[in-house]
Amino acid sequence: GSVVASYPYDDSPMHRLTGVYSKSADDEVFKYLAKAYASHHPIMRTGKPNCSGEEGETFPDGITNGAQWYDVEGGMQDYNYVWANCFEITLELSCCKYPPTSELPKEWENNRESLLAFIEKV
């Protein structure tokens, strides 16, 4: 896990594991939507999720192009964009894939304003 808003494409023509910016035709729209979410999240907006084992990982403005972060061939986000014209972003909301129940109220507080801002844009 991490704390970042990721946008298409997740796959790249080179299929390198990481570091390839894979720009879609709607790249600016995806960046706009990802920033709308990230800019309202107290951790995501810093671009420094500080996840255990990945302390040096940074995401400018709290967003990333999926393939630039890591390449995912055949992912649902890309499939829906290409074949159904669905504009999806992937939200990584926690360093922990399954946070304990006791942390859920804090996660809600961290994401409430981001969710509202995102809904307003859509």
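Numerical summary
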{"item": "Relative contact order of the range 4-120, defined on C-alpha pairs under 8 angstrom at six or more residues apart (%)", "result": "38 percent"}
{"item": "For the range 67-83, 3J(HN,Hα) per residue [Karplus equation, 6.51 cos²θ - 1.76 cosθ + 1.60, θ = phi - 60°, Hz, x = Gly/Pro]", "result": "5, 5, 6, 7, 6, 10, 7, x, x, 5, 4, 5, 4, 5, 5, 6, 9"}
{"item": "Student exercise, the chain dipole from Lys, Arg, Asp, Glu Cβ charges, in Debye to nearest 20", "result": "220 debye"}
{"item": "GLU57 accessible area, assembled protein chains, probe 1.4 Å, Å²", "result": "40 Å²"}
{"item": "Table column - 3J(HN,Hα) (Hz), the range 24-35, Karplus curve with 6.51, -1.76, 1.60, x for Gly and Pro", "result": "8, 5, 10, 3, 5, 5, 4, 4, 4, 5, 5, 5"}
{"item": "Fully extended contour minus Cα-Cα distance, from TYR79 to TYR98, at 0.36 nm per residue", "result": "4.3 nm"}
{"item": "The range 3-18 - phi-based ³J(HN,Hα) in whole Hz, Karplus 6.51/-1.76/1.60, Gly and Pro as x", "result": "10, 6, 9, 10, 9, x, 8, 8, 10, 10, x, 7, 6, 6, 4, 7"}
{"item": "CD proxy at 222 nm, helix term only [per DSSP H run n ≥ 4: -39500 (n - 2.57); per residue of the chain; nearest 500]", "result": "-10500 deg cm²/dmol"}
{"item": "Shape of the range 27-79, Cα gyration tensor, a/c cut at 1.5", "result": "oblate"}
{"item": "Cα gyration tensor category, rounded, prolate or oblate, for the range 1-91 with a/c compared to 1.5", "result": "oblate"}
{"item": "Using alpha-carbon coordinates, inclination of helix 104-121 to the longest axis of the chain, degrees", "result": "50 degrees"}
{"item": "Rounded if a/c under 1.5, otherwise prolate or oblate - the range 60-121, Cα gyration tensor axes", "result": "prolate"}
{"item": "Förster radius 41 Å - calculated FRET efficiency between LEU115 and MET14 (Cβ-Cβ, nearest 0.05)", "result": "0.75"}
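The values are calculated or read from the model by the stated rules, or taken from the named source; none is laboratory data. In this text, all values refer to a predicted model and were calculated from it rather than measured experimentally. Glycine also receives a Cβ, built like all others from the backbone with ideal geometry; neighbour counts cover every protein chain displayed. What goes into the accessible areas is simple: the full protein's heavy atoms, side chains included, and nothing from ligands, DNA or RNA. Shrake-Rupley method; radii C 1.70, N 1.55, O 1.52, S 1.80 Å.
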